[in-house]
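Down below is the structure, laid out as C-alpha cells.
The values are calculated or read from the model by the stated rules, or taken from the named source; none is laboratory data. Just so we're clear, the structure is a prediction, and the values are computed from it rather than from any experiment. We place every Cβ from the backbone using ideal geometry, glycine too, and count neighbours over all the protein chains shown.
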Amino acid sequence: MESRRMRIVPVDVLRDLVQRLLAAAGCGPEAAATAGEVFVAADLRGTGVQGLDHLPTMIRGLRNGKINPDGVPRVVTESEGAALVDGGSGPGQVAAIYAADLAVRKARRAGSCAVGVVNSSDIFMIGYYAERIARAGLVGIVVTNAPPLVHPHGGTERILGTNPIAIGIPTAGDHPLVFDMATSALSASRVRQAAYYGEALPPGVAVGPDGRPTQDAALAAEGAIGPLGGHKGFGLGLCIGLLSGPLVGAAVGKALGGWLGNDPAGSKGHFLIAVDPAAFGDPEVFRAAVSAHLREVTESRKAPDVAEIRIPGERAFAEEPRRRRDGVPIDEVVWARIAKLAADLDVPMPA
C-alpha cells in the first residue's frame with residue numbers, strides 16, 4: 001500500500017489552475033470562476049474529496065456534452081413560497097447558487113421558501129450552499145440526488161445515490177453551523193481515493209460486483225456502497241432521492257445511471273429550503289440560543305481520551321485561514337491526475 005504524499009499549492013495558483021482547466025473544457029469566465037470557487041473552497045476547508053480531486057468529474061461532463069458550459073438557470077414556475085429552477089444543463093454550481101439566493105430572497109418575504117432545481121448537473125460540496133443561506137441569516141437545508149452507487153438495506157444492487165444532505169444554521173458567532181453528510185456509509189469520493197492507494201475500506205461498508213462484502217475499494221467501485229447506519233441511512237437516502245428527484249421533475253435511481261457516461265441519462269435535481277428565523281421571533285434571540293446550546297454541547301463531559309467535542313463545520317472553518325496563509329495540501333496522486341488532464345486539454349501546469 002502506497003503512503004499518501006502531499007504537495008503545498010498556494011491558493012491563488014490553485015484557483016487559477018482550476019479556472020483555466022474549466023475554461024479549456026468550454027466554460028466562459030463567469031461560469032469557470034463560479035464553479036472553480038466551489039472546488040477551491042472544498043480544498044481550503046480540508047474536504048479535498050470534493051475539491052481538485054473531483055474536478056475531472058465535471059470536466060468529463062463538459063467534454064461529453066452532459067454539461068452545457070453556456071447553460072443559464074431560469075425560473076420556470078414560481079409562487080410566494082416556492083420556485084422551480086431549470087438549470088439549463090449548465091454547471092451545477094451556477095444553478096445551485098442561483099437557487100440558494102432566490103430561496104433567501106423569497107423566504108425573507110414569505111417566511112420560508114423551497115426551491116427545486118431540475119435539468120442540472122452535480123453541485124459537488126453541498127454544504128457550500130447551505131452555508132451561503134446561513135450566512136444570509138436564514139436556516140438552509142440542501143439535498144441532491146446522485147447516480148446509483150448505494151445498495152438498499154438488505155440488498156446488494158446499486159439503486160440509490162449517495163444522496164447527501166447539508167444544513168446551515170446561523171449563530172451569534174463568526175461562522176454558522178454547517179452539517180454536510182452523505183447518506184451512504186462512505187462517500188463515493190472516499191472510495192475513489194482509497195482506490196488510489198490500495199487502502200482497505202472499513203469492514204461492512206461495501207459489497208463487490210458479486211454482492212459479497214469487500215474491503216477492496218476497486219471492487220467496491222464496481223459493486224455498491226452500503227447505506228449509512230443500515231436501515232436509518234437507507235430511509236434517509238431514499239427520501240432525499242425522491243425530494244431531489246421526482247418532486248422537482250428530475251430522475252432518481254437507475255435513470256441516473258448513465259449521467260456521467262455516454263449513455264442517455266435522466267436529469268439531476270436538487271432541492272433547497274430557506275427558513276427565515278424572523279418568521280418565528282427575534283432572529284438575534286434565535287442566534288444567541290443556537291450559540292448557547294453549542295457551548296453547552298462543547299463544554300459537556302468528554303469521553304476518556306477525547307480532547308474536545310467539535311461542532312459540525314468547526315474544523316473546516318479553522319482550517320481555511322491556515323491554508324490561505326500557508327498553502328493548500330494537494331495529494332500527489334491527485335496532482336498527477338490533474339497534470340494528465342491538463343496535458344490532454346493543452347493547459348500548462350503551474351511551475
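Please tell me if GLY137 is touching a residue at least 12 places away in the same chain (Cβ under 8 Å), under 20 Å from ILE167 (Cβ atoms), of a type outside the set (Asp, Glu) and not in a helix (DSSP H, G or I).
yes
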Enumeration of residues in the range 151-193 that are among the hydrophobic types (A, V, I, L, M, F, W, C) and either without any contact (Cβ under 8 Å) to a residue 24 or more places away in the chain or closer than 19 Å to GLY48 by Cα (or both): ILE165, ALA166, VAL178, PHE179, MET181, ALA182, ALA185, LEU186, ALA188, VAL191
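Give GLY81, GLY116, GLY92, GLY155 a once-over and let me know the one that is out of contact with any Leu (no Cβ under 7 Å at 6 or more places or on another chain), buried (at least 21 other Cβ atoms within 10 Å of the Cβ) and either acidic (Asp, Glu) or at negative phi (or both). Explain how you work it out, then say what you get.
Numbers: GLY81 fails: buried (at least 21 other Cβ atoms within 10 Å of the Cβ); GLY116 fails: out of contact with any Leu (no Cβ under 7 Å at 6 or more places or on another chain); GLY155 fails: buried (at least 21 other Cβ atoms within 10 Å of the Cβ).
The unique qualifying residue is GLY92.
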Residue check for GLY204: in contact with a strand residue (DSSP E or B) (Cβ under 9 Å, 6 or more places away or on another chain), part of a loop (DSSP other than H, G, I, E, B) and not hydroxyl-bearing (Ser, Thr, Tyr): yes
Residues located in the range 91-121, provided they are within 19 Å of the chain's Cα centre (by Cα), assigned to a loop (DSSP other than H, G, I, E, B) and at pLDDT 95 or above: PRO91
Filtered residues of the range 40-64 (kept if charged (D, E, K, R) and within 16 Å of PRO164 (Cβ to Cβ)): ARG45
Any hit, the range 253-270, residues being at pLDDT 95 or above and within 30 Å of LYS66 (Cβ to Cβ): yes
Extreme residue, surrounded by the fewest Cβ atoms within 10 Å (Cβ to Cβ), among residues of the range 312-340 that are β-branched (Val, Ile, Thr) and touching a strand residue (DSSP E or B) at 6+ places or on another chain (Cβ under 6 Å): ILE330
So PRO152, is it under 17 Å from the mean Cα position of the chain (by Cα), under 15 Å from PRO227 (Cβ atoms) and at pLDDT 95 or above: no
Single residue of GLU37, GLU131, GLU30, GLU78 found to be among the charged types (D, E, K, R) and part of a strand (DSSP E or B): GLU78
Where VAL306 falls short, out of the listed (1) part of a helix (DSSP H, G or I); (2) more than 30 Å from GLU37 (Cβ to Cβ): (1)
Where a residue in the range 36-62 is at positive phi and its partner, wherever it lies, is aliphatic (A, V, I, L, M), with Cβ under 9 Å and at least six apart: GLY46/ALA316
